[in-house]
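The values are calculated or read from the model by the stated rules, or taken from the named source; none is laboratory data. Model, not experiment: these values are computed from the prediction. Glycine also receives a Cβ, built like all others from the backbone with ideal geometry; neighbour counts cover every protein chain displayed. What goes into the accessible areas is simple: the full protein's heavy atoms, side chains included, and nothing from ligands, DNA or RNA. Shrake-Rupley method; radii C 1.70, N 1.55, O 1.52, S 1.80 Å.
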Amino acid sequence: MTITQLSVFLENKAGTLIEMLETLKQASIQLIAITIAETAEYGICRIICSESDKAYNVLREANVAVTRSKVFALEVENKPGGAAKAISTISKEGIGISYLYSFIVREKCLLIFRTDDAERAADVIRKAKLPTIDDDKLVEFA
Amino acid sequence: MIWNENKECMSREDMRALQGKRLHKIVTYVYHNVPFYRKKLQERDIRPDDIQSIDDIVRLPFTTKQDLRDNYPFGLQAAPQSEIVRIHASSGTTGNPTIVGYTRKDIGVWSECMSRCLTAYGVSRNDTFSVAYGYGLFTGGLGAHYGVENIGAAVLPASIGNTEKHLHLIRDLGVSGIACTPSYALYLAETMKRMGITKEQIRLRVGAFGAEPWTEEMRREIEDKLGLKAYNLYGLSEIMGPCVSYECPRQQGSHINEDHFFPEIVDPETLEPVDAGTVGELVFTTLTKEGMPILRYRTRDLCSILPGTCSCGRTSLRMGHIMGRTDDMLIIRGINVFPSQVESVVLSMKEFAPRYLLVVDRIGNLDTLQVQVELRQEYFDENFDTIATFQELEKRLADRLKSVLSLTAKVNLKSPGTLARSLGKDSHVIDHRKQY
């Protein structure tokens, strides 16, 4: 139901992103998805990748401020209304979405998100039998 | 243990009498040997015989850092060159360096005073003690070195730099004591961690830290990371070097070696003595120095003299923590701000490394203060994946700064390891207003 996401604190200035990406490249980490949420001074770069444990350790050793967290990964239909259908199931229970992004891998459309109540969200997803994936399956796709 | 009970535990009455006698002697000495002081005393119509008790000290002129620079290199030296056995020089980043010459007797007094400090920390002849102040023109290295030798401990003259080798030696030789700057102690701890040496593998028991202001929070951090008890060691090269004051195991202020260095606290604006216990500028008069005696030297350090007597048995006056420097003091929107205040807030929050930078600017007609802090990712939990979490952290720091400084500061989060660090004295302030 959830996959591992790495969140990296980056100062919002030229060169910080590429420095972090080079570190991952040198460790032969394959990126699956990457997105940045930014403020004027800094950003959080969220990463889904192969071998997340190794990537996490490599970044920590490079003295990068990185956090590992579990985020929901829903598989949705790649057609109009696909995302709305999935998210409405969660929203109508009064659960908020903190952030969300999506990507397509092997023709599967994935929604990645964090909620303000992970426990209840997991219940809702389970009861509604929404299709999800976890770390193992993600690596298979990639 | 007390190194010199005779002096360190002298009755207040006897101490005042000794100080008065020595003050008369030193004023007579400079009057006859230093034209700078003779002129200043004559301007005030003071003859050496007018100075008979320590209370007369308030009649004497002050000496400033600028006086030392103006009289570069030997203008304030009282002893003939043939009597000088050592010369130290300050870094001189802001003008001529300050030159201080020491006679053989001065070096002896220095070693004696340093021995009192080390003994108060619990260091004895059975210890191996590493001196990790810079050796050279700076007084820290050699000053501490002579004291360690004087008490009969084995000195490891490590100096600064070559940190990994130093840590190997600390571990392999069972080094039990160390003297260095507090920022270097934290750098040692970081390097130790990187090298995979744990505090259980080393036997450091005592640390003597000085040469830059530090806080209680920094003390706890050093103690925690190096597994030692951290003591304050205060001194300044113009007066002697490290040894001017020291903490005893009670750690309630630093005992001043006041039979050699007479302390006063004055208001930095009016130069009048402040009420007992009030913070002001610390002023020292050397009572026994031969090479370069100095009258009422304005240290620019801000602190208070603590009231009461210490329960350790020493009767000497104690100075409180250095709150800052008169020249560190920033006036931002009319409010006095000391970097040490910011430091205590930063160090009280585990999410931040013990490093910070104050950036002061003037935008329009308004002074602005930005506080840059370095994140410490080992304390991140999984919530550090949202902007909101970082904003909440910024806000928590800003709120605490506001309550301590009475001033709104803009917090600026920086990645780990990005704030400049130096091996010696850390610089914590950039003031762009000076360009205007």
Qualifying residue in the stretch A:43-55 (condition: touching a residue at least 12 places away in the same chain (Cβ under 8 Å), surrounded by fewer than 19 Cβ atoms within 10 Å (Cβ to Cβ), under 25 Å from B:ARG376 (Cα atoms) and facing chain B (nearest Cβ under 10 Å)): no
In the stretch B:224-249, the residues that are at pLDDT 95 or above and polar (S, T, N, Q): B:ASN232, B:SER245
Given (1) in contact with a Pro (Cβ under 7 Å, 6 or more places away or on another chain); (2) more than 14 Å from chain A (Cβ to nearest Cβ), number of the condition B:MET349 does not satisfy: (1)
Residue match in the stretch B:305-313 (condition: without any contact (Cβ under 8 Å) to a residue 12 or more places away in the chain and of a type outside the set (A, V, I, L, M, F, W, C)): yes
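Condition check ((1) assigned to a strand (DSSP E or B); (2) of a type in the set (Lys, Arg)) across all residues:
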{"position": "A:ILE3", "(1), (2)": "yes, no"}
{"position": "A:LYS13", "(1), (2)": "no, yes"}
{"position": "A:LEU17", "(1), (2)": "no, no"}
{"position": "A:GLU22", "(1), (2)": "no, no"}
{"position": "A:ILE34", "(1), (2)": "yes, no"}
{"position": "A:ALA40", "(1), (2)": "no, no"}
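May I ask you to list the residues in the stretch A:59-77 that are open to solvent by 30 Å² or more (accessible area, probe 1.4 Å) and over 21 Å from A:ASP136 (Cβ atoms)?
The answer is A:ARG60, A:GLU61, A:ALA62, A:ASN63, A:GLU77.
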Residue that is assigned by TED's automatic domain parsing to the domain that holds B:PRO268, crowded, with 17+ Cβ neighbours inside 10 Å, over 30 Å from B:GLN52 (Cα atoms) and not acidic (Asp, Glu), where the choices are B:CYS303, B:CYS312: B:CYS312
Residue that is nearest to the other protein chains (Cβ to nearest Cβ) [pool: residues in the stretch A:22-35 that are surrounded by fewer than 14 Cβ atoms within 10 Å (Cβ to Cβ) and either among the hydrophobic types (A, V, I, L, M, F, W, C) or under 15 Å from A:VAL139 (Cα atoms) (or both)]: A:GLN30
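In the stretch A:1-21, which residue that is under 14 Å from the mean Cα position of the chain (by Cα) and closer than 23 Å to B:LEU375 by Cα is nearest to the other protein chains (Cβ to nearest Cβ)?
It comes out as A:SER7.
Every residue, every condition in (1) surrounded by 15 or more Cβ atoms within 10 Å (Cβ to Cβ); (2) among the hydroxyl-bearing types (Ser, Thr, Tyr), yes or no:
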residue: B:ARG47; (1), (2): no, no
residue: B:ILE54; (1), (2): yes, no
residue: B:ASP70; (1), (2): no, no
residue: B:VAL85; (1), (2): no, no
residue: B:HIS88; (1), (2): yes, no
residue: B:SER111; (1), (2): yes, yes
residue: B:THR128; (1), (2): yes, yes
So B:VAL123, is it hydrophobic (A, V, I, L, M, F, W, C), part of a loop (DSSP other than H, G, I, E, B) and open to solvent by less than 30 Å² (accessible area, probe 1.4 Å): yes
Subset of the stretch A:64-77 (residues that are within 14 Å of another protein chain (Cβ to nearest Cβ), of a type outside the set (Val, Ile, Thr) and part of a strand (DSSP E or B)): A:ARG68, A:SER69, A:LYS70, A:PHE72
So A:ALA84, is it among the small types (Gly, Ala, Ser), outside the structural domain of A:ALA14 (by TED's automatic domain parsing) and over 17 Å from the mean Cα position of the chain (by Cα): yes
Condition check for B:ARG59: in the same structural domain as B:VAL100 (by TED's automatic domain parsing), under 20 Å from B:ILE265 (Cα atoms) and open to solvent by 90 Å² or more (accessible area, probe 1.4 Å): yes
Residue in the stretch B:332-363 that is surrounded by the most Cβ atoms within 10 Å (Cβ to Cβ), counting only those that are without any contact (Cβ under 8 Å) to a residue 24 or more places away in the chain and within 27 Å of B:ASP267 (Cα to Cα): B:ASN336
Within the stretch B:384-419, considering residues that are open to solvent by 60 Å² or more (accessible area, probe 1.4 Å) and assigned to a loop (DSSP other than H, G, I, E, B), the one nearest to the other protein chains (Cβ to nearest Cβ): B:THR418
